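No lab work stands behind these numbers, since they all come straight from the coordinates. Every value quoted in this text rests on a predicted model; they were computed, and no experiment measured them. Cβ: placed from backbone, ideal geometry, glycine included. Neighbour counts: every protein chain shown.
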Amino acid sequence: MLRYKLRGKRTEVLVQYAQAGFKEAMELIIEKYYPMVLKISSNYYAPWAEREDIVQCGVVGLIKAVFYFEEGKSSFTSFAWRSVESEIKSFLTYLNRKKNKMLSDAISVEQTEDEEFPEYEIVDTSRDVPLEVFSDIILEKVLERLKGAERDIFLKWLNGFSYKEIAEEFKTSVKKVDNTVQKARRIISELG
């Protein structure tokens, strides 16, 4: 009932209710700002962090923004944006410190447009290599060296499916699909 009454309220009013402890107000704020969290999260990638973990950290940043927001200093939206971004960066920095020194800093995906970081890029080249290019012998040798799920992923990729489509079908990450395709490419280059 309270959730229904709160639905039409301004964001700042919802924040006040959430700060007072009304979980319904917090749920409405999260529901309203979740697309923003997804947008911010999509700007970051780290090979050792799952996408869902990054998004979850963004949600934590949003919740922190609700509790630390002071009306009059800035709009809630801009405050929440900075809080979400800061939480994600802190999370990635923490994981980076925790991992071996060989793991490098997470980078913003936006940076890759200006600079080249090929080891971080996932390039969907699903349309680059048609099935006809592979002779039966090479394809057979590649499939021999791939494991069960890897074979299925690779064959889907050869048939023109995008990384995202394959990941959804096999209920895996885009990174796993990319790793499988890169492994198959390495096998092909070893054969050639």
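Of Ser78, Ser41, Ser162, the sequence from fewest to most neighbouring Cβ atoms within 10 angstrom is Ser78, Ser162, Ser41. With neighbours defined as other Cβ atoms within 10 Å of a residue's Cβ, the residues Trp81, Trp157, Trp48 order from fewest to most as Trp48, Trp81, Trp157.
Scaled to the globular estimate 2.2 N^0.38 Å, the Cα spread of the stretch 131-191, given as radius of gyration, is 1.04. Full extension of the chain segment joining Arg145 with Leu38 gains 34.8 nm, where the gain is 0.36 nm per residue of separation less the Cα-Cα distance. In the structure displayed, which of Lys64/Lys175; Lys141/Lys171; Lys39/Lys156; Lys156/Lys183; Lys39/Lys89 lie more than 18 Å apart, Cα to Cα? Beyond 18 Å: Lys64/Lys175; Lys141/Lys171; Lys39/Lys156. For Thr172 and Glu71, the FRET efficiency from 1/(1 + (r/R0)^6), where r spans their Cβ atoms and R0 equals 41 Å, is about 0.40. Note on Tyr34, Tyr68, Tyr163: ascending count of other Cβ atoms within 10 Å places them as Tyr68, Tyr34, Tyr163, the fewest first. Near Glu50, within a Cβ-to-Cβ distance under 12 Å, what is the net charge of the other residues, with Lys and Arg +1 and Asp and Glu -1? So the surrounding residues net to +1.
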